[in-house]
Amino acid sequence: MRVYVPLTLSGLAEAHRAGHLGAGPLAAYAVTPALREWVLSDDIEELEYAALSRAALASLRLLAADAGAARRRVVVAADVPDGTVSAGPDRGAEATPGEVRVDGAVPLAKAAAVHVDSADAEPDVAAAAEALAAAEGGDGDARSVVEGAEDHELLWYATQEIPNLVGADG
């Protein structure tokens, strides 16, 4: 199953050093029945884009919680065995469509691609991280600020480019 794991650049650097995306369980996003119902589409590319977008929002939440992190959203697309994926946290009406839990570490070798904001997006992502709590609390102006970051498409990188993204020597 393809999952989309939200990170920050520092989280990606740690994954690069460790060779895996954390010890698990990991929060991730995938094409689930709830996501299909939310998107109202059977187009797999549209559904995968929706899962990626949900992971990008989760990455923004990570940035909002870590003032020292570089202001660029990061999502790693990885292929994991279906048996390692289960439904995300049961939060009733607050459940996020497509949210799943991946048990165990995900080897970085299972990553298919990395999606990262461009440097040009940093000011909008920084503003969105600051406004996120207010936006999720219903503030319309703050929601517009968050949408400003969502207007930036994440760039696609091959996994071989991770050392360059995180400033490692390979």
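Just so it is clear, none of the values below were taken in a lab; they were calculated from the coordinates. Fair warning: this is a prediction, and the values are worked out from it, not measured in the lab. Positions of Cβ are backbone-derived with ideal geometry, glycine not excepted, and every protein chain shown enters the neighbour counts.
The slack in the chain from residue 79 to residue 10, taken as 0.36 nm per residue of separation less the alpha-carbon distance, amounts to 22.7 nm.
Exposure proxy ranking for 73, 2, 54, based on other Cβ atoms within 10 angstrom of each Cβ and starting from the fewest, stands as 2, 54, 73. If the chain linking residue 38 and residue 118 were pulled fully straight, counting 0.36 nm for each residue of separation and taking away their Cα-Cα distance, it would gain 26.0 nm. Each Lys and Arg contributes +1 and each Asp and Glu -1, all at the Cβ; summed about the Cα centre of the chain, the dipole is approximately 620 debye.
Convex hull volume of the Cα atoms of the chain, normalised per residue: 114 Å³. Were the residues from residue 87 through residue 1 laid out at 0.36 nm apart, the gain over their Cα-Cα distance would be 29.7 nm.
When peptides 31-40, 7-16 are sorted by average Cβ neighbour count within 10 Å, with the highest value leading, the order is 7-16, 31-40. Note on the chain: dipole from Cβ charges, positive end direction compared against 49, 127, 13; the farthest Cα belongs to 13.
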